[in-house]
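Each reported figure results from applying straightforward, stated rules to the coordinates on display, with no laboratory input. Quick caveat, the model's predicted, so the values are computed rather than measured. We place every Cβ from the backbone using ideal geometry, glycine too, and count neighbours over all the protein chains shown.
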Amino acid sequence: MSSPESQVTASLAAMRHDAAEWRDMAAAFRSAGQVAERLDLGELQLSFIADKLGMVELYRSVQDRMIALMGEAVQSHELMAASLETAANGYAADDAAALHRMQGTQ
């Protein structure tokens, strides 16, 4: 059986690893949003008729929505990463304080 200290250390490492995973996903969504911003289909690419039927406007509307969704995904993933890091730091500080109190009582 592992010691409580090693369990805490492993748990904190797992939380920090998870935070890094959330940050990596945020970076992936950021990149996807940047790609979506660069994709430009207009009358030239779709056709004159498509433009007259509203397809260019529809495409731009969908593109704007995708860019917005990617931005929201970045924000939520960054927030989750920060929350995990804050929790890990809080648990580490609490553990250090508890250890300090226990050593002071011996």
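Note on the chain: GNM, Cα springs under 10 Å; of A50, A20, A88, the largest mean-square fluctuation is that of A50. All C-alpha pair distances within the range 55-106, sorted into 5 Å bins from zero, spread as 4, 18, 10, 12, 9, 8, 8, 6, 7, 5, 4, 4, 2, 2, 1, 0 percent across the bins.
Quick check: the angle from helix 4-38's long axis to the longest principal axis of the chain, C-alpha only, nearest 10 degrees? Value to nearest ten degrees: 10. Within the listed set G33, G71, G54, the residue fluctuating most in the Gaussian network model of the chain (springs between alpha-carbon atoms under 10 angstrom) is G54.
Only the Cβ atoms of Lys and Arg (+1) and of Asp and Glu (-1) were treated as charged; on that basis the dipole of the range 4-105 about its Cα centre amounts to roughly 20 debye. Between 0 and 90 degrees, the angle of helix 55-105 with respect to the longest Cα principal axis of the chain falls at about 0 degrees.
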